[in-house]
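Below is one structure, written out as structure tokens, with a few remarks after it.
The values are calculated or read from the model by the stated rules, or taken from the named source; none is laboratory data. The structure presented is a predicted model; accordingly, all values stated were derived computationally and were not measured. Every residue, glycine among them, receives a Cβ derived from its backbone with ideal geometry; neighbour counts consider all protein chains shown.
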Amino acid sequence: MDVYALATRIIENIERVIIGKRQAVRLTVIGLLCQGHLLIEDVPGVGKTMLAKALARSIGCRFSRIQFTPDMLPSDVTGVSVYNQHTRQFEFRPGPIMAQIVLADEINRATPKTQSALLEAMEERQVTVDGITHPLEEPFLVLATQNPIEYEGTFPLPEAQLDRFLLRISLGYPSPDHEAAILDSQQFRHPIEKLEQVATTDELLQAQDMVKRVYVSPEVKWYIVDVVSYTRRHPDVYLGASPRGSLALYRTAQALAAITGRDFVTPDDVKMLAESVLAHRIIVGPTARLKEISPRSIIREIVQSIPVPGAAV
């Protein structure tokens, strides 16, 4: 299985819909290859939903969209057991989470109780309704979106759930040239309507297994540990990244190496991914918050200050 060729096909196919956002598309494919979930934090209208749809079409997976609202119940996500009068038995009616690519739109608009309904699905890849466990079909990926500007009527994601997201990405506004290209591409019909499948589920599952075999030298492993450990003792950080953050940085670095055509990880892979992997896993201290110091700037400072084991790779 050539992971580089597979990833290139998927990325180029998605870019027929998402124009000018290669870095965000690459991070999305990295999350897919690592079997991790993504938090897309951005303003409305920049293509978050289209990114999820394009990914699902590219790999031929079932797509589901959940629009989170304050009055949504956990059963609206997981599904519910309904009594059948003919068979005199309860039948499980699956909810929208029972898909392969799930878009959790505006996740921070739902109450914490409903948000927690996603935790089991994201971590265990299963849902439990009325004591019966229903496994989710592989591959399974949750792309959750939230608006970073609008806070009224929202419920901030708890740290336990934020930590479940492998990567936090942002699409951002397109450049004027790319925005003009978007207008041209959608003059008569949306390009998502004619997007074709370019990879099979079997190919994807094989690629996910191959990513785990990418070599990580002991020096690079210690570099990952040093970066994550420093988040726990940085003076501006109240709560640093957990060991899950180390595992996430380790696995995403393997995927980045694989989609670049390498079978080994370099420190540059770790540096490139540190901000997207770790920034949402740390809590900034009160003093730093008053100074408007962001988690992303702290991760950038940590990466720049820790010596890179370049000579050993």
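Quick one: would you say residue 194 is out of contact with any Asp or Glu (no Cβ under 7 Å at 6 or more places or on another chain), under 30 Å from residue 44 (Cα atoms) and of a type in the set (Lys, Arg)?
Here the answer is yes, as residue 194 does meet what is asked.
On the given criteria, is residue 290 aliphatic (A, V, I, L, M) and in contact (Cβ under 8 Å) with a residue 24 or more places away in the chain?
Answer is no for this residue.
From the list 102, 43, 29, 25, pick out the single residue that is assigned by TED's automatic domain parsing to the domain that holds residue 198, of a type in the set (Val, Ile, Thr), part of a loop (DSSP other than H, G, I, E, B) and under 30 Å from residue 183 (Cα atoms).
Selected residue: 43, the only one of 102, 43, 29, 25 that is assigned by TED's automatic domain parsing to the domain that holds residue 198, of a type in the set (Val, Ile, Thr), part of a loop (DSSP other than H, G, I, E, B) and under 30 Å from residue 183 (Cα atoms).
Among the residues of segment 38-49, are any without any contact (Cβ under 8 Å) to a residue 24 or more places away in the chain, surrounded by fewer than 21 Cβ atoms within 10 Å (Cβ to Cβ) and more than 22 Å from residue 258 (Cβ to Cβ)?
Yes: segment 38-49 contains one or more residues that are without any contact (Cβ under 8 Å) to a residue 24 or more places away in the chain, surrounded by fewer than 21 Cβ atoms within 10 Å (Cβ to Cβ) and more than 22 Å from residue 258 (Cβ to Cβ).
Considering every residue within segment 79-86, establish whether at least one is under 22 Å from residue 167 (Cα atoms) and not charged (D, E, K, R).
No, that holds for no residue.
So, residue 70, is that one at pLDDT below 90 and buried (at least 19 other Cβ atoms within 10 Å of the Cβ) or not? Talk me through it step by step, then tell me what you get.
On the way: at pLDDT below 90: yes; buried (at least 19 other Cβ atoms within 10 Å of the Cβ): no.
Against the criterion (at pLDDT below 90 and buried (at least 19 other Cβ atoms within 10 Å of the Cβ)), residue 70 does not qualify.
Determine, yes or no, whether residue 252 is of a type in the set (Ser, Thr, Tyr) and either surrounded by fewer than 19 Cβ atoms within 10 Å (Cβ to Cβ) or more than 27 Å from residue 12 (Cα to Cα) (or both).
Working: of a type in the set (Ser, Thr, Tyr): yes; either surrounded by fewer than 19 Cβ atoms within 10 Å (Cβ to Cβ) or more than 27 Å from residue 12 (Cα to Cα) (or both): no.
The answer is no for residue 252.
Tell me which of these residue 58 doesn't satisfy, since it passes every other one: (1) within 16 Å of the chain's Cα centre (by Cα); (2) small (Gly, Ala, Ser); (3) assigned to a helix (DSSP H, G or I).
(1)
Just to be sure before I move on: is residue 72 of a type outside the set (Asp, Glu) and in contact (Cβ under 8 Å) with a residue 60 or more places away in the chain in the structure I sent?
Judged against the criteria, residue 72 is not a match.
So for segment 147-156 (the condition being closer than 15 Å to residue 16 by Cα and of a type in the set (D, E, K, R)), does at least one residue qualify? Walk me through it before giving the result.
The first filter runs over segment 147-156 and keeps only residues closer than 15 Å to residue 16 by Cα, leaving none.
No, segment 147-156 contains no residue that is closer than 15 Å to residue 16 by Cα and of a type in the set (D, E, K, R).
Pairs, please: C-beta under 6 Å, at least 6 apart or cross-chain, first residue touching a residue at least 24 places away in the same chain (Cβ under 8 Å) and in segment 189-202, second hydrophobic (A, V, I, L, M, F, W, C) and in a loop (DSSP other than H, G, I, E, B)?
As it stands, the answer is 191/17; 192/17, since those pairs meet every condition given.
Restricting to segment 105-152, name every residue that is assigned to a loop (DSSP other than H, G, I, E, B) and either in contact (Cβ under 8 Å) with a residue 60 or more places away in the chain or within 15 Å of residue 32 (Cα to Cα) (or both).
Matches in segment 105-152: 125, 137, 138, 139, 140, 147, 148, 149.
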